[in-house]
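The structure appears below as structure tokens.
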């Protein structure tokens, strides 16, 4: 139980294009999902908290207009990186909360912007 | 403000030896504490969690951790290391369990040699 999937697992795009990453909770409903970014050999940095049916809450320093988050249903949240640039290349990981205690993480999406 | 310090960015042990990964936290409220493991190019897998119940927490793959309030520590141990334990380990703290954001430590890379 408590499986979280992400799609795609890796994506390569050209600078200036937009990329959408999906995060799904497969066997539970998640009113709250989180999006993290991980740089090489670094820890995870929380980007935003995604709540179903409402606007996402972004952490300080994260550009809302660049990283668009939509939590359209209780099992799906999407992160769209708009007008991507090479500095946006990173490993993006989502998590979802099936119970009050614990976040379960997706397998991550490696984004490379050329 | 909450914070997590993981002492030792790299730990190397022999196969069969004791594994000890250190984590100290700072929190103004009773914390929820977590250990996650990350294998290369993958998301995070929950090893164990402390949620104000028993101070000695047993997790998957033979790992356990002990919550020591007086020392503000939550060190991770395993009696006998396996080669398959080689991975990155993250300690994390949350103020109110899964629905609140996680603050991660910098991570400890565990190497296991024959």
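Bear in mind these aren't lab numbers, they're just calculated from the coordinates by the rules spelled out. The model shown is predicted, which means the values in this text are computed figures rather than measured ones. Heads up, the Cβs are rebuilt from the backbone with ideal geometry, glycines too, and the neighbour counts pull from every protein chain shown.
Calculate how large, on average over all directions, the projected area of the Cα convex hull of chain B is; give the answer in nm² to one decimal.
Here the figure is 6.7 nm², rounded to one decimal.
For a quick protection proxy, order the peptides A:104-113, B:21-30 by their average other-Cβ count within 10 Å, most packed first. Walk me through the numbers on the way to the answer.
Numbers: A:104-113: 21.0, B:21-30: 16.1.
Sorting A:104-113, B:21-30 by mean packing, highest first, produces A:104-113, B:21-30.
Provide the FRET efficiency to the nearest 0.05 for the residue A:82-residue B:64 pair, computing r from the beta carbons and using R0 = 41 Å.
Details: r = 44 Å, r/R0 = 1.08.
Working from the Cβ atoms, E equals 0.40.
Within 10 Å of each Cβ of A:102-114, how many other protein chain Cβ atoms are there on average? List each step's numbers first, then the result.
On the way: counts 10, 13, 6, 8, 3, 6, 5, 1, 1, 0, 0, 0, 0.
The shielding value for this peptide is 4.
What distance in nm separates the simple spin-label points at residue B:26 and residue B:39, each placed 7 Å from Cα in the Cβ direction?
Simple spin-label model gives 3.6 nm for this pair.
Would you calculate the separation in nanometres between label points at residue A:74 and residue B:84, each defined as 7 Å from the Cα along the Cα-to-beta-carbon direction?
For residue A:74 paired with residue B:84, the spin-label model returns 3.5 nm.
Determine the gain in length on full extension of the stretch residue B:72-residue B:55; use 0.36 nm per residue of separation and subtract their C-alpha separation, reporting nm with one decimal. Show your work: numbers first, answer last.
Working: separation 17, 0.36 × 17 = 6.12 nm, distance 1.20 nm.
Length gained between residue B:72 and residue B:55: 4.9 nm.
Give the distance, in whole Å, between the Cα centre of the stretch A:27-70 and the Cα centre of the stretch B:15-50.
Rounded to whole Å, the Cα centres lie 21 Å apart.
Would you tell me the mean number of C-beta atoms belonging to other protein chains that fall within 10 Å of each C-beta in B:8-16, as a whole number?
Details: counts 0, 1, 0, 0, 0, 0, 0, 0, 0.
For peptide B:8-16, the averaged partner shielding equals 0.
Highest first, please rank the peptides A:77-87, A:6-16 by the mean number of other Cβ atoms sitting within 10 Å of their residues.
Details: A:77-87: 17.0, A:6-16: 13.3.
Final packing ranking: A:77-87, A:6-16.
Once label points are set 7 Å from the Cα along Cα→Cβ at both residue B:15 and residue A:31, what is their separation, rounded to one decimal in nm?
4.9
Given R₀ = 25 Å, FRET efficiency for residue A:18-residue A:59 by Cβ-Cβ distance, to 0.05?
Values: r = 21 Å, r/R0 = 0.84.
For residue A:18 and residue A:59, the calculated efficiency is 0.75.
Averaged over its residues, how many other protein chain Cβ atoms are within 10 Å of peptide B:102-111's Cβ atoms?
That average works out to 3.
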